[in-house]
Amino acid sequence: MKKLLFFVLFFLLSFSQVAFALSLISAPELKEAKSDSLEIVWEKVDNSMGYYVYYGKESVEGKTKEEKAYQSQLSEFIESTGATITDLEANTQYYVAITAVDENGEEGPYSKEGIFTTEKGASQTSLGLSKVDVIGENQIKLSFNGELDNSSDASREFRIIEESTKKELKLKTIDLVGTKNLLLTFDENLNVSTKYKLTILSLLDKDGKNIEQGIDGLSSFSTPSSFSAEEENLNSALPIVNISDSGKNAGENISQGDEETTLNAASETDNLPKTGPEHFVLFIFALIVGFFVYQYQKKKIENS
């Protein structure tokens, strides 16, 4: 009977010692913080086979796993006394706790929390509207400072209001031009000499980050006093001429009307009397012959 009592007492003390040891995990300590990761270490716990790491943006201090859980957990079972938590947000505070697992595979309670903050990331320019161009009676082009989301289901929402009447324009199409520009086409024509207010409600960059509505997504533009669409189309249709080749290609750019005028002028020139050295010699010869004929006639008259 005494041996049985001694064995039970020994078992209870051993179990209590393990449970007590697993419950006395101190808070993890920070070894290195980066903009997207935290490297942590902790003290070794006797009678443990390994550890689990839990973390999140909300504190769970004083709660059991059954009462409240951390947002995330490292998937691997860690046998050492250190780990690196990755894929974190820059300049963000995280709460981290450890649990120890005993030789029987039983997981102990949360340790005290460690509170750590990731480093600030490299400064990044948020997506913003750079320029608004009125390019037609019912079209404007928006230029941005970064590349836009080019997926087929990209979120693009705008509100354009005429400031004087507060009338909202309805968009017909939104087309991506290049990587940083959008062409907005309206159902109706814009009014001349009118100011419009533009608000970007939703627009994603290539990384999926939304523009800041009311800050980077707010602008206004004014229409010109007239829309010279015909002149614009004419200019866009003009060929690009290389200055260095302009002299070489000058003859090739003569219009048909100019060509006909040139040919007609050449024909009229062909009909004019032609002069040359041979005509001059004949003229001198005629003068000499005329002179001798004149002298001959003069002497004939005197002798008679």
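The values are calculated or read from the model by the stated rules, or taken from the named source; none is laboratory data. All figures in this text were calculated on a predicted structure; none of them were measured in a lab. Note that we place each Cβ from the backbone using ideal geometry, even for glycine, and neighbour counts take in every protein chain shown.
So here's what we get for this one:
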| read-out | value |
| --- | --- |
| Contacts under 7 angstrom Cβ, first residue in the range 193-212 being in a strand (DSSP E or B), partner among the basic types (Lys, Arg), 6 or more apart | Thr199/Arg159; Leu201/Arg159; Ser202/Arg156; Leu203/Arg156 |
| Single match in Lys180, Lys248 (criterion: at pLDDT 50 or above and among the charged types (D, E, K, R)) | Lys180 |
| Scope the range 48-62; condition surrounded by 14 or more Cβ atoms within 10 Å (Cβ to Cβ), of a type outside the set (S, T, N, Q) and under 17 Å from Pro28 (Cβ atoms); matching residues | Gly50, Tyr51, Tyr52, Val53, Tyr54, Tyr55, Gly56, Val60 |
| Identity of the residue in the range 32-47, farther than 25 Å from Ala90 by Cα and without any contact (Cβ under 8 Å) to a residue 40 or more places away in the chain, that ends up surrounded by the most Cβ atoms within 10 Å (Cβ to Cβ) | Glu43 |
| Criterion violated by Val96 - all others in (1) surrounded by 15 or more Cβ atoms within 10 Å (Cβ to Cβ); (2) at pLDDT below 95 satisfied | (2) |
| Exclusive hit being small (Gly, Ala, Ser), under 20 Å from Pro224 (Cβ atoms), in contact with a strand residue (DSSP E or B) (Cβ under 8 Å, 6 or more places away or on another chain) and not in a loop (DSSP other than H, G, I, E, B), set Ser143, Ser164 | Ser143 |
| Hey, Leu88 closer than 30 Å to Lys65 by Cα and either among the aromatic types (Phe, Trp, Tyr) or assigned to a loop (DSSP other than H, G, I, E, B) (or both) or not | yes |
| Filter result for the condition that a residue is closer than 17 Å to Met49 by Cα, among the hydrophobic types (A, V, I, L, M, F, W, C) and in a strand (DSSP E or B), over Ile115, Ile98 | Ile98 |
| Residues being at pLDDT 95 or above, under 12 Å from Pro109 (Cα atoms) and in contact with a Lys or Arg (Cβ under 9 Å, 6 or more places away or on another chain) - total across the range 21-70 | 1 |
